[in-house]
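Participant: To start, I am sharing the structure in question, which I have written as structure tokens.
Nothing in this text is a laboratory measurement; each read-out follows from the coordinates by a stated rule. Note that the structure is predicted; figures quoted are calculated from it, not measured. Note: ideal-geometry Cβ built from the backbone for every residue, glycine included; neighbour counts use all protein chains shown.
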Amino acid sequence: MPGGARGLYRRILALHRALPAALRALGDRYVKEEFRKHKAAGPAEAQRFLREWENYAALIQQQINEDKQNLGEKTVYGIQLTEEKLNDFRDEQIGQLKELMDEATKPNKKNHHF
């Protein structure tokens, strides 16, 4: 993967520092796995991969900025995936999404101090 990937990787991990702890841990783990898997990607796949992660970084940056402005209101991070977008995913990616969803929606016993 081209050298720009390393900068993007670092930028995403830096953006994750502004996320709630559980989302940060989940996001960091996912980003690390995905970048590791795509180290040997061909040029076309690498370009698509980097474009999608650039879009993700821009979205997260925007949502972090909105969160800073919405004092008191809880920000929802991420986006709803359209059926069209889901149809573009490979079976392996659908499995990863399911794992992420399960992990993200799992009750966190440590954070039940209301």
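Participant: Relative to the compact-globule scaling 2.2 N^0.38 Å, provide the ratio for the alpha-carbon radius of gyration of the range 10-58.
Facilitator: 1.19
Participant: To continue, here is another question. Run the numbers for N87 and K32: contour at 0.36 nm per residue of separation, minus the present Cα-Cα distance, in nm.
Facilitator: Contour length minus Cα-Cα distance gives 17.4 nm.
Participant: Modelled label-to-label distance, R48 and D102, 7 Å Cα→beta-carbon offset: nm?
Facilitator: 2.6 nm
Participant: Assuming 0.36 nm per residue, please report the length gained on full extension of the stretch K39 to A18 beyond their Cα-Cα distance.
Facilitator: Working it through step by step, the gained length comes to 4.9 nm.
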